[in-house]
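Peer 1: Below is the structure I would like to discuss, written out as structure tokens.
The values are calculated or read from the model by the stated rules, or taken from the named source; none is laboratory data. Just so we're clear, the structure is a prediction, and the values are computed from it rather than from any experiment. Cβ atoms come from the backbone with ideal geometry, glycine included; neighbour counts cover every protein chain shown.
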Amino acid sequence: MSSPVVTRFAPSPTGYLHIGGARTALFNWLYARRFGGKMLLRIEDTDRERSTDAAISAILDGLTWLGLDWEGEAISQFARAARHREAAESLIEKGMAYRCYATPEELTAMREEQRANGLPPRYDGRWRDRDPSEAPAGVKPAIRLKAPVDGETVIEDRVQGRVVFPNKDLDDLVLLRSDGTPTYMLAVVVDDHDMGVTHIVRGDDHLTNAARQTLIYQALGWDVPVMAHIPLIHGPDGAKLSKRHGALGVEAYRAMGYLPAAMRNYLARLGWSHGDDEIFSTDEMTGWFDLDAIGKSPSRFDFKKLENLNGHYMRAAGTDELLADFTSFLPHAENAEGLRTWLQDPAHVEMFRTALPGLKERAKTLVELADSAEYLWVQRPLAMDEKAEKLLEADDARKVLADLHGRLSAVGTWSAETTEEAVRAYAEETGLKLGKAAQPLRAALTGRGTSPGIFDVLAVLGREESLARIADQAAR
Ligand code: GLU
């Protein structure tokens, strides 16, 4: 029986959780779920200068927002340095590694000479077979892997296929620096082994590392995990992803008003496919996800597609679900002070909930939804936008409003249905097209030329506020 699947996400906390990292995390999470395994989280914080606590929190927050959970505590790579050193020492004992006493100056001179001779810069193995008794006094050694000089190292990658690296191109890499700190290459191997990782899914910028890491696994006598190196995400034009094209932190997507479920769906489709399906629930994704269906060529990030998908998710969301997403979005929204303040009153939250089904139909993002909710909380008399102004200037729009004020005042029970009935009856009796009545009404009630369905607006605002807003704009 094969061992249960263990994947890991291993971000370096030197910045926010960017969109590529989020996708890597998602793929690891999906794969673990698909095969009843678990995903672990390892923070690769060995670069002490560039790793920050703020970045760690941003990564954890981003994953949590996306709904990607991990098993147990996040593991700090830095905290495991002693174990990494122990592994390097064990390789010396096995004769698979050696101490290298070359000074930085010596190594620089070596590389310069190689460059001058048109050779690629590579460690020349000068301490590989030397007796440690020749060690110069006062020089602290690094530990290097005694890598094979002939043959090749093969990665059977689940995405890239068979990738072959001639060993002569992989020199004796440093495992432990002369200051005793482990290198990234060693730390990753030891951690993945100790954490029981069975599948490594990460960006294909790590493919060459995979060859070097394979040599370390072999030297330590450990099984090499299954590898899957996924192509990076490109911009819509096929070039490297730029900020403008979406190379942003996950928190930027949150602030732009995307739903976590839509993000998961969109990110899954960035590289992975399941037939012609574009929209799938998280359950479907975890039921279908596999590494073999990840494409070999870079996927292209497309904001328009994400936006449309998000609009779909918003329309499909239930009111409670959407309210929960909106509530967690609101603190991160820009220019939403008015709405935030207004929503502090629980009665207003109720009103907002009632308005949601109407609001979500027109919004592709939560930002648009927040914007279109403005009619709920603006104070009378409403300022008119340009389109609303035009609607009110048209023909006898203000006279129509005065008439409608009369008709609506007479409505018994106030609801979308009863107000619609009154407006329709008025239009029919006066031979007016319904739009000619509805458009000035829209302007008066929302201050805008576009809004949710006008009868929903009437119902949400209630009798008193609706009539007052109509009176504000009606001919006297
Ligand atoms: N820390 C590496 C990165 O953020 C990932 C290393 C790995 O997945 O093996 O690119």
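Peer 1: Could you tell me which residue of the stretch 1-55 is nearest to the ligand (Cβ to nearest atom), considering only residues that are outside any helix (DSSP H, G or I), modelled with pLDDT of 95 or more and among the aromatic types (Phe, Trp, Tyr)?
Peer 2: Only one residue tops the list, namely 9.
Peer 1: Now, a different point. For the stretch 56-114, give me the residue count where each residue is acidic (Asp, Glu) and not in a helix (DSSP H, G or I).
Peer 2: Of the residues in that region, 3 qualify.
Peer 1: With respect to the numbered conditions (1) more than 16 Å from the ligand (Cβ to nearest atom); (2) over 30 Å from residue 328 (Cβ atoms); (3) surrounded by 19 or more Cβ atoms within 10 Å (Cβ to Cβ), which one is the sole condition not fulfilled by residue 65?
Peer 2: (2)
Peer 1: Starting from the stretch 308-335, take each residue that is of a type in the set (Lys, Arg) and list its partners that are at pLDDT 95 or above and part of a helix (DSSP H, G or I), counting only C-beta distances under 6 angstrom and pairs at least six apart or across chains.
Peer 2: Listed pairs, sorted by first residue: 315/360.
Peer 1: Just the residues that are closer than 29 Å to residue 217 by Cα, of a type in the set (Phe, Trp, Tyr) and in contact (Cβ under 8 Å) with a residue 60 or more places away in the chain, please, taken from the stretch 58-97.
Peer 2: 70
Peer 1: Turning to a different aspect of this structure: Taking the criterion of being assigned to a helix (DSSP H, G or I) and touching a strand residue (DSSP E or B) at 6+ places or on another chain (Cβ under 9 Å), would at least one residue in the stretch 121-129 satisfy it?
Peer 2: For the stretch 121-129, residues assigned to a helix (DSSP H, G or I) and touching a strand residue (DSSP E or B) at 6+ places or on another chain (Cβ under 9 Å): absent.
Peer 1: Given the stretch 384-476, what helices (runs of 4 or more DSSP H) lie entirely inside it while holding 2 or more residues that are free of Cβ contacts under 8 Å to residues at least 60 places away in the same chain, crowded, with 16+ Cβ neighbours inside 10 Å and not aliphatic (A, V, I, L, M)?
Peer 2: Numbers: elements: 386-393, 397-409, 416-430, 434-446, 454-473.
Filter on the stretch 384-476 gives 397-409, 416-430, 434-446, 454-473.
Peer 1: For the stretch 162-173, indicate whether the set of residues that are within 14 Å of the ligand (Cβ to nearest atom), at pLDDT 95 or above and either surrounded by fewer than 14 Cβ atoms within 10 Å (Cβ to Cβ) or within 30 Å of the chain's Cα centre (by Cα) (or both) is non-empty.
Peer 2: Checked the stretch 162-173: no residue is within 14 Å of the ligand (Cβ to nearest atom), at pLDDT 95 or above and either surrounded by fewer than 14 Cβ atoms within 10 Å (Cβ to Cβ) or within 30 Å of the chain's Cα centre (by Cα) (or both).
Peer 1: Just need a number here: residues in the stretch 299-329 that are crowded, with 19+ Cβ neighbours inside 10 Å and at pLDDT below 95.
Peer 2: Number of matching residues: 2.
Peer 1: Can you give me the number of residues within the stretch 352-371 that are surrounded by fewer than 18 Cβ atoms within 10 Å (Cβ to Cβ), touching a residue at least 60 places away in the same chain (Cβ under 8 Å) and either of a type in the set (Val, Ile, Thr) or in a helix (DSSP H, G or I) (or both)?
Peer 2: 2
Peer 1: So, one more: For the stretch 205-230, what are the residues that are within 10 Å of the ligand (Cβ to nearest atom) and surrounded by fewer than 19 Cβ atoms within 10 Å (Cβ to Cβ)?
Peer 2: Passing the criteria: 205, 206, 209.
Peer 1: If you don't mind, another one. Kindly indicate the residue of the stretch 302-333 that is of a type in the set (A, V, I, L, M, F, W, C) and not in a helix (DSSP H, G or I) and also farthest from the chain's Cα centre (by Cα) among those meeting that condition. I'd like the intermediate steps shown before the answer.
Peer 2: Start the filter on the stretch 302-333 by keeping residues that are of a type in the set (A, V, I, L, M, F, W, C), which leaves 303, 306, 309, 314, 316-317, 322-324, 326, 329-330, 333.
Narrowing further to those that are not in a helix (DSSP H, G or I): 317, 333.
Details: 317: 20, 333: 17 Å.
Taking the candidates together, the pick is 317.
Peer 1: Which pairs do you get when a residue that is on the phi < 0 side of the Ramachandran plot and within 14 Å of the ligand (Cβ to nearest atom), found in the stretch 175-204, comes within reach of a residue that is in a helix (DSSP H, G or I) and modelled with pLDDT under 95, reach meaning Cβ atoms under 8 angstrom, with the pair 6+ apart or on two chains?
Peer 2: So the pair list comes out as 203/20.
Peer 1: How many residues does the stretch 86-120 contain that are over 19 Å from residue 183 (Cα atoms) and hydrophobic (A, V, I, L, M, F, W, C)?
Peer 2: Of the residues in the stretch 86-120, 4 are over 19 Å from residue 183 (Cα atoms) and hydrophobic (A, V, I, L, M, F, W, C).
Peer 1: Does any residue in the stretch 6-25 that is in contact (Cβ under 8 Å) with a residue 40 or more places away in the chain come within less than 6 Å, Cβ to Cβ, of a residue that is of a type in the set (Gly, Ala, Ser) and near the ligand (Cβ under 7 Å from one of its atoms) six or more places away or on a different chain, and which pairs are these?
Peer 2: From the stretch 6-25, the pairs are 11/21.
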